[in-house]
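> Structure incoming, see below.
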Amino acid sequence: MVYENPDGVMVGLEVHVQLNNLNTKMFCGCSTQYHDAEPNTHVCPVCMGLPGALPVINKRAVESAIKIGMALNCEVVEQTQFHRKNYYYPDLPKGFQTTQYDFPIVGNGKVVIEGEDGEHVVRITRAHMEEDPGKLIHMGSIEKSKGTLIDYNRSGMALIEIVSEPDMRSPKEARRYLDKLRNILDYLDVFNGDLEGSMRVDANVSVMGGQRAEVKNISSHKGAERAILYEIMRQKNLLRRGGEVVMETRHFDEARGVTISMRTKEGEHDYRYFPEPDLVPMRVSDWAPAIREELPELPDAKRARLISEYDITEMHAKALTSDIRVADFYEVVAAAIDPRVAGTWVADVLKGELNYRDLSVDSFTTDDIIEIIKLVGEDKVTEQSAVDVIRTILDNGGTPMEVVTEKGLLKVKGDVVTEAVSETIAENEAAVQDYLGGAEKSLNFLVGQVMKKTKGRADARQARELLVEALKD
Amino acid sequence: MITKDEVEHVGWLARIEIDDAEAEDYAVKLSSVLDYFGQLDEVDTDGVEPTYHVADIMNVFREDVVTPSLDQKDVLTNTAEEKDGYIKAPRII
Ligand SMILES: [Zn+2]
């Protein structure tokens with residue numbers, strides 16, 4: 001099946017990734033650990049743009065950029081350098097942003113995503129290094145603001161901007177691309193994606209018959225999907241009514257779920273890019289082999305390996321590798337017990353329960369899940385009880401045995417079930433008659449009664465078998 | 001020739017207010033600067049590698065090691081208005 005893309009939707013994304021795992025900012029030694037700090041406490045003459053301050057490039061930031069480029073199948077450029085992008089806005093005290101222009105450090109890559117019709121390639125145009133601006137807080141609403149508060153702690157943080165070709169054909173594909181990107185970046189360990197503002201998105205959106213709009217201020221993957229969906233509807237409606245979709249910049253209002261036109265008097269050439277005279281050019285392509293050597297196993301490769309090494313299903317391998325922490329967790333469990341059984345418990349059960357609670361896999365220990373799966377394997381608790389144990393530990397804490405003991409979940413012995421079956425048959429004559437008369441459904445009722453008598457500790461399948469056996473005569 | 005409109009636009013980009021008389025004056029002066037630089041276009045640069053930086057050096061980096069930042073009160077010394085450790089600016093659209 002081929003996706004037709006009836007509206008000719010084209011989406012390209014610019015993703016800003018903050019390298020918050022570095023110790024210092026892009027061009028100065030200020031610490032990156034400002035997230036819980038007082039405003040304007042992580043700044044120096046360089047990130048404040050004070051006269052005479054001299055920026056120096058953080059070597060590890062450049063290494064991270066190359067690492068990201070390689071993971072996105074990009075080429076590393078021969079020679080690269082920084083430019084000044086001039087604009088006058090209080091989020092950058094210097095009056096310009098130090099960024100890259102015509103010699104981005106890496107380019108010509110691709111990412112494979114799960115598209116509308118199977119595997120889909122999103123081409124990566126380029127990825128470049130730049131500095132993050134400071135943070136502005138508007139006093140009151142943006143329309144009626146009484147003033148603006150500025151915190152420069154973020155100013156000068158190293159950013160990598162990853163620019164894709166307009167290869168995504170729906171909001172869903174854009175979301176999948178962002179998820180995949182986040183997934184890859186997590187594997188590379190170049191940033192902590194859980195920190196506020198660590199991944200910010202601008203989306204270029206167009207439909208057939210119109211020009212593209214650039215939607216800014218998207219701060220989450222879900223937000224991106226919503227913003228793009230809104231923007232496609234807006235453009236289609238406009239064209240349907242005979243209007244014209246013009247090239248413009250729009251602002252995504254997350255609370256209202258709409259995009260708003262931002263009238264701007266600045267065009268691309270107004271940025272007056274020129275080579276940054278305070279920073280010398282770089283020739284770093286010879287770093288590539290050493291960095292490639294250090295590159296970790298990436299999601300697609302890990303998925304393939306899990307399937308071949310542990311003989312688990314494609315679906316389980318996908319679920320496990322979509323988060324490197326889950327994949328690592330799984331491999332510890334798979335070393336201790338049957339990897340296929342482990343696959344089911346980690347990918348289906350545990351991951352489901354974690355997602356439901358919006359928790360990460362760090363909320364559970366491999367020892368606990370191994371113990372729980374063993375209890376099921378040794379026929380000591382039912383599968384249903386095991387799920388109950390997982391839920392209880394997530395919600396209230398405790399160890400598996402504590403929960404099992406406290407809730408009396410140890411499976412009851414066969415003779416107790418047999419007894420419960422006899423009692424059930426004796427007490428439910430009508431249902432028994434219905435069943436014998438051909439009403440299969442009545443058996444479910446009887447099984448339910450047995451489970452009730454044993455407080456759920458009987459194995460439902462066993463109870464059913466015993467009932468059928470007892471009612472044969 | 002630089003027009004008055006262009007001067008006003010450049011003024012706006014730098015957030016500098018320029019009145020009518022100034023704009024006319026600057027248009028003439030900026031034009032002559034550009035003409036002067038225009039002479040560079042006459043130089044034959046065929047086969048000459050572009051210069052991206054006047055210093056003939058490459059690859060200056062620093063290690064990823066934290067150095068002390070400024071004290072908040074020093075950071076705020078030059079600001080006209082502050083509030084709770086923030087620099088306060090007029091309303092920005
Ligand atoms: Zn600094």
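> Please count how many residues of region B:48-82 are more than 7 Å from chain A (Cβ to nearest Cβ) and within 26 Å of A:Asn153 (Cβ to Cβ).
Adding up the residues that qualify gives 10.
> Which members of region A:1-26 meet the condition of being assigned to a strand (DSSP E or B) and either buried (at least 21 other Cβ atoms within 10 Å of the Cβ) or within 14 Å of chain B (Cβ to nearest Cβ) (or both)?
Matches in region A:1-26: A:Val11, A:Gly12, A:Leu13, A:Val15, A:Val17, A:Gln18, A:Thr24.
> Which members of region A:179-209 meet the condition of being among the hydrophobic types (A, V, I, L, M, F, W, C), within 21 Å of A:Gly134 (Cβ to Cβ) and loosely packed, with under 15 Cβ neighbours inside 10 Å?
Passing the criteria: only A:Leu195.
> When only residues in region A:131-169 that are of a type in the set (A, V, I, L, M) and within 30 Å of A:Leu72 (Cα to Cα) count, which is nearest to the ligand (Cβ to nearest atom)?
A:Met157
> How many residues are touching an Asp or Glu at 6+ places or on another chain (Cβ under 9 Å) and not in a helix (DSSP H, G or I) if we restrict to region A:293-322?
Selection size over region A:293-322: 2.
> Go through (1) surrounded by 10 or more Cβ atoms within 10 Å (Cβ to Cβ); (2) on the phi < 0 side of the Ramachandran plot; (3) modelled with pLDDT of 90 or more one by one and return the number of the condition B:Asn59 breaks.
Result: B:Asn59 fails condition (2) only.
> Exactly one of these conditions fails for A:Thr382: (1) within 27 Å of the chain's Cα centre (by Cα); (2) touching a residue at least 40 places away in the same chain (Cβ under 8 Å). Give me its number.
For A:Thr382, the failing item is (1).
> Please name all residue pairs, on different chains or six or more residues apart, with Cβ atoms under 9 Å, provided the first residue is in region A:38-53 and is in the same structural domain as A:Glu131 (by TED's automatic domain parsing) and the second residue is within 8 Å of the ligand (Cβ to nearest atom) and of a type in the set (Phe, Trp, Tyr).
Matching pairs, first to second residue: A:Val46/A:Phe27; A:Cys47/A:Phe27.
> Would you check which residues across region A:27-46 are facing another protein chain (nearest Cβ under 10 Å) and more than 15 Å from the ligand (Cβ to nearest atom) and list them?
The one that is facing another protein chain (nearest Cβ under 10 Å) and more than 15 Å from the ligand (Cβ to nearest atom): A:Glu38.
> Follow-up question, since we're still on this one. Could you give every pair whose Cβ atoms fall below 9 Å, whose first residue belongs to region A:399-410 and is at positive phi, and whose second residue is of a type in the set (A, V, I, L, M, F, W, C), counting only separations of at least 6 or pairs across chains?
none
> Let me ask another. Kindly state which helices (runs of 4 or more DSSP H) lie completely within region A:323-362 and contain at least 1 residues that are touching a residue at least 40 places away in the same chain (Cβ under 8 Å).
Here the list reads A:324-336, A:351-357.
> Can you tell me which residues in region A:51-61 are more than 7 Å from chain B (Cβ to nearest Cβ) and more than 10 Å from the ligand (Cβ to nearest atom)?
A:Pro51, A:Gly52, A:Leu54, A:Ala61
The values are calculated or read from the model by the stated rules, or taken from the named source; none is laboratory data. All figures in this text were calculated on a predicted structure; none of them were measured in a lab. Cβ: placed from backbone, ideal geometry, glycine included. Neighbour counts: every protein chain shown.
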